[in-house]
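Presented below is the structure to which this report refers.
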Amino acid sequence: MDLKVIGVLSVILVVALSTLAEGKTLPSKCQCKLAPRERRNCGFPGISAAECRKAGCCFNASVPGVPWCFAPKAKKVRKVCPNDPHGRINCGYPGITAKECERKGCCFRAHPAGVPWCFYHRVVEEAC
Ligand SMILES: *[C@@H]1O[C@H](CO)[C@@H](O)[C@H](O)[C@H]1NC(C)=O
């Protein structure tokens, strides 16, 4: 292989690897705080800690007789109405009423002037 081919191949490899890394969200520590009897097995018997984490699961080998590699808790999310008026994303139209806005499932605040009064929620992750 000449150098050009090697260069192109390594670029492809780097891109592929970074895509892989981005696609998998590793569970946070608190998502892995699960009572031993609530653990759902996520790996195969004898899976290593590294392999388990690579699969996006939690590993804790401190309790014998329960799965050591287990599925993380789902992230809790909550909808909030953002406080910053200038960060609002319009969900309605000028003159929309609170009721109409509510029916669309959006936030309504009739102040200040010059920004949307009916605007979308933001989804925030809750600490677990
Ligand atoms: C492993 O699990 C046990 C039992 O739930 C817990 O007390 C311990 O803190 C865990 N260890 C880690 C590193 O999360």
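A few notes on this one:
- Members of segment 28-54 that are surrounded by 16 or more Cβ atoms within 10 Å (Cβ to Cβ) and closer than 30 Å to Arg122 by Cα: Gln31, Cys32, Leu34, Arg53
- Breaking point among (1) surrounded by 14 or more Cβ atoms within 10 Å (Cβ to Cβ); (2) modelled with pLDDT under 95, for Phe108: (2)
- Subset of segment 119-128 (residues that are surrounded by fewer than 18 Cβ atoms within 10 Å (Cβ to Cβ) and part of a strand (DSSP E or B)): Arg122, Val123, Val124, Glu125
- Checked against the criterion of being surrounded by 13 or more Cβ atoms within 10 Å (Cβ to Cβ), over 21 Å from the mean Cα position of the chain (by Cα) and within 30 Å of Glu38 (Cα to Cα), segment 68-88 contains one or more residues that satisfy it.
- Comparison of Phe108, Phe44, Phe59 shows that the only residue that is touching a Cys at 6+ places or on another chain (Cβ under 9 Å) and either within 16 Å of the ligand (Cβ to nearest atom) or of a type in the set (Gly, Ala, Ser) (or both) is Phe59.
- Pairs linking a residue in segment 31-51 that is under 9 Å from Phe70 (Cβ atoms) to a residue that is within 15 Å of the ligand (Cβ to nearest atom) and part of a helix (DSSP H, G or I), with Cβ atoms under 7 Å and 6 or more positions apart or on different chains, are Cys42/Cys52; Gly43/Cys52.
- Residues considered: Pro67, Pro116. Of these, the only one that is within 16 Å of the ligand (Cβ to nearest atom) and either modelled with pLDDT of 90 or more or outside any helix (DSSP H, G or I) (or both) is Pro67.
The values are calculated or read from the model by the stated rules, or taken from the named source; none is laboratory data. What you see is a predicted model, and the numbers here were worked out from it, not measured in a lab. With ideal geometry, Cβ positions are generated from the backbone for all residues, glycine too; neighbour counts draw on all protein chains shown.
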